[in-house]
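Take a look at the structure set out below.
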Amino acid sequence: MMHETVLRSATKEVVLGHSRPFCLIGERINPTGRKIFQQQLREGDLSAVERDVAAQVAGGADVLDVNMGVPLTDEADLLARAIRLVQKCTDLPICIDSSVVEALEAGLSVYQGRALVNSVTAEDDRMAAILPLVKKYDAAVIALPNDADEIPMEAERRLELVDHIVSVATKEYGIAVEDIVIDPLAMPIGADTTVVQTTLTTMRGIRDRHGLNMTCGASNVSFGMPDRAAIGAAFLPIAMSAGLTSAIMDTRTPQLVAAVKAADLVLGHDEWGAAWIAAHRARQLAGT
């Protein structure tokens with residue numbers, strides 16, 4: 001059985017599914033590697049968040065990832081404020097992204113709708129800290145198949161950890177299986193050209209064993225390589241054919257978005273090519 005994962009804002013619903021169009025999760029609202037943005041957030045200035053929302057929505061995002069992990073700040077307060085602001089700017093559902101349990105709860109407590117929580121690992125103590133919040137706030141959750149020891153480099157070990165996550169989440173915490181979204185761990189191809197094949201094998205295994213939805217950080221694959229957009233535009237359609245149903249990605253990059261939309265058409269997720277044709281006509285009207 002192929003599962004569907006439902007996310008909602010106060011007024012809009014987005015469904016992840018193997019027979020549905022690929023879900024683009026905009027990655028931009030994240031201060032990692034953005035020194036000016038980090039300083040603005042320390043000073044309480046969230047104006048860049050509004051600009052990032054507008055750019056990602058214009059690029060075609062279906063969901064927005066919101067991360068406020070800035071050192072020397074009250075992350076819980078900052079994340080709650082950012083979520084309120086994003087929900088004033090757009091009706092897209094939100095992926096609440098933090099490694100801090102208190103920040104996750106602060107974000108979930110103010111969110112209007114059904115969020116996606118990013119993320120939990122296969123470590124039992126992390127699941128014990130985060131999965132009760134997922135259940136309490138009726139959210140869905142991204143889970144990564146790595147444990148306290150390391151990120152497994154073998155697909156079968158990742159699949160064993162997915163089995164563990166699914167068992168613990170459903171049996172011990174009452175999480176519906178369709179609300180578990182797996183990140184199969186996309187690794188930089190520049191460090192080892194075999195790692196993407198491991199990720200693709202993991203994706204196929206997750207799809208075939210559990211029928212779960214999947215996501216990943218699409219930019220991880222091209223990290224450290226030149227012409228990163230071209231690599232991402234090749235990786236995403238291949239991953240979609242292996243079972244990837246969403247990605248946390250830069251929706252401001254037309255090359256990536258076009259590759260995903262073309263793959264939706266080829267894979268039969270765009271009935272009669274309606275979305276592809278509509279997008280083409282919109283570009284013609286805009287003169288782009």
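Here are the numbers for the structure shown:
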read-out	value
Between the stretch 48-84 and the stretch 148-169, the alpha-carbon center distance in angstrom	30
Surrounding net charge for Leu131, when Lys and Arg each add one and Asp and Glu each subtract one, Cβ distance under 13 Å	-3
Check: the stretch 12-104 dipole with +1 on Lys, Arg Cβ and -1 on Asp, Glu Cβ, in debye	220
Calculated Rg and Dmax of the chain using C-alpha coordinates, Å	18.1, 55
Within the chain, percent of DSSP bridges classed antiparallel, to nearest 5	15
Computed magnitude of the charge dipole of the chain (debye, nearest 20; Cβ of K, R +1, Cβ of D, E -1)	1020
Burial ordering of Arg158, Arg207, Arg42, Arg28, fewest other beta-carbon atoms within 10 Å first	Arg42, Arg207, Arg28, Arg158
Lysine pair count for the chain [Cα-Cα under 28 Å; pairs on different chains or 8 or more apart]	10
Loop GluC sites (Glu not before Pro), the stretch 141-175 (other Cβ atoms within 10 Å of the site Cβ: 12 or fewer; DSSP)	Glu150, Glu154
Fully extended contour minus Cα-Cα distance, from Thr194 to Ala58, at 0.36 nm per residue	45.5 nm
Low-density loop positions, GluC sites (Glu not before Pro), the stretch 24-107 - DSSP coil, at most 16 other Cβ in 10 Å	Glu43
Relative contact order [Cα under 8 Å, 6+ residues apart], the stretch 73-195, whole percent	20
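Values in this text are rule-based calculations from the coordinates and carry no lab data. Source: prediction; values computed, not measured. As a convention, Cβ positions derive from the backbone with ideal geometry for all residues, glycine included, and neighbour counts pool all protein chains shown.
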